[in-house]
Amino acid sequence: QVHVVESGGGLVQAGGSLRLSCAASGIIFSFNDMGWYRQAPGNQRELVAVITSGGITNYADSVKGRFTISRENAKNTVYLQMNSLKPEDTAVYYCNVGMRLRSSSPIFGSWGQGTQVTVSS
């Protein structure tokens, strides 16, 4: 059984910073891309940032220059450092971890339960 758990959300004033963490555990053969998504009320879930197993990153235009995604492979963990937060960043943030359970298994993405980020003006 695989578990993906996010942490680090909370309430912060505009201009502030938060660091989200996402840890995957279980019997996992290998990890692939890891990403952060967010969903605000009434909106669809959107990609915030993604990092490949080789460390290549990609960001949504709305967060470029403010957010940084990183991963620590030894801990099966991906991070999202969020600086200069804006009220429009308010959302539930979800982690998606790409993985194979066995060498012959297809890659699939496992979601965490989400963590709330609220930015006050």
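The values are calculated or read from the model by the stated rules, or taken from the named source; none is laboratory data. All values reported here derive from a predicted model rather than from experimental measurement. Every residue, glycine as well, gets a Cβ built from its backbone with ideal geometry; the counts of neighbours run over all protein chains shown. All accessible areas refer to the heavy atoms of the entire protein, side chains included, with ligands and DNA or RNA removed. Shrake-Rupley method; radii C 1.70, N 1.55, O 1.52, S 1.80 Å.
Out of 101, 12, 79, whose Cα points farthest toward the positive end of the dipole of the chain (charges: +1 Lys, Arg; -1 Asp, Glu; placed on Cβ)?
101
Let me check against my output: what whole-number percent is the relative contact order of the chain, with C-alpha pairs under 8 Å and at least 6 apart? Intermediate results must be reported in sequence, preceding the final value.
Details: 306 pairs, mean separation 43.9, N = 121.
Reported as a whole number, the value is 36 percent.
Between residue 120 and residue 57, what's the calculated FRET efficiency when r is the beta-carbon distance and R0 is 30 Å? Round to 0.05. Before the final figure, lay out each step's value.
Details: r = 28 Å, r/R0 = 0.94.
Step by step, r from the Cβ atoms, then E = 0.60.
Could you check which residue among 63, 48, 78 shows the biggest mean-square fluctuation in a GNM of the chain with a 10 Å Cα cutoff?
The residue with the greatest mean-square fluctuation here is 63.
What share of all Cα pairs of the chain, in percent, falls into each consecutive 5 Å distance bin?
In whole percents, the pair-distance histogram is 2, 12, 23, 24, 18, 10, 6, 3, 1, 0.
Could you tell me which chymotrypsin sites (Phe, Trp or Tyr not before Pro) in the range 18-103 are loop residues by DSSP with no more than 11 other beta carbons within 10 angstrom of their beta carbon? Intermediate results must be reported in sequence, preceding the final value.
Details: sites: 29, 31, 36, 37, 59, 67, 79, 93, 94; in loops: 29.
Counting only loop positions with at most 11 other Cβ atoms within 10 Å, the chymotrypsin sites (Phe, Trp or Tyr not before Pro) in the range 18-103 are 29.
Springs between alpha-carbon pairs under 10 angstrom, Gaussian network model over the chain: which of 44, 81, 13 fluctuates most?
Of the options given, 44 has the highest mean-square fluctuation.
What residue among 84, 17, 62 shows peak mean-square fluctuation when the chain is described by a Gaussian network model with Cα springs under 10 Å?
Most flexible of the set in this elastic network: 62.
Can you give me the C-alpha center-to-center distance between the range 19-33 and the range 58-82, rounded to a whole angstrom?
Centre-to-centre (Cα) distance: 14 Å.
Under 10 °C and 1.306 mPa s, how fast does the range 61-121 diffuse according to Stokes-Einstein, given a Kirkwood radius computed over C-alpha pairs? Answer in µm²/s, whole number.
Values: Rh = 13.7 Å.
Estimated diffusion coefficient is 116 µm²/s.
Roughly how many debye, to the nearest 20, is the charge dipole of the range 3-121 about its Cα centre, given +1 on each Lys and Arg Cβ, -1 on each Asp and Glu Cβ, and no other charges?
Details: 10 positive and 7 negative charges, 41 e Å.
Result for the range 3-121 is approximately 200 debye, rounded to the nearest 20.
Report the label-to-label distance for residue 46 and residue 73 in nanometres (one decimal), using points 7 Å from each Cα along the Cα→Cβ vector.
With each label placed 7 Å out from Cα toward Cβ, I get 3.2 nm.
Which trypsin sites (Lys or Arg not before Pro) in the range 10-109 pass both tests, a DSSP loop state and at most 12 other beta-carbon atoms within 10 Å?
Details: sites: 19, 38, 45, 64, 66, 71, 75, 100, 102; in loops: 45, 64, 66, 102.
Here the sparse-neighbourhood loop sites are 64, 102.
What percentage of the solvent-accessible surface of the chain, computed with a 1.4 Å probe over protein heavy atoms, is contributed by carbon and sulfur atoms? Please report the intermediate quantities before stating the final value.
Numbers: 3130 of 6430 Å².
Percent of accessible area from carbon and sulfur atoms in the chain: 49.
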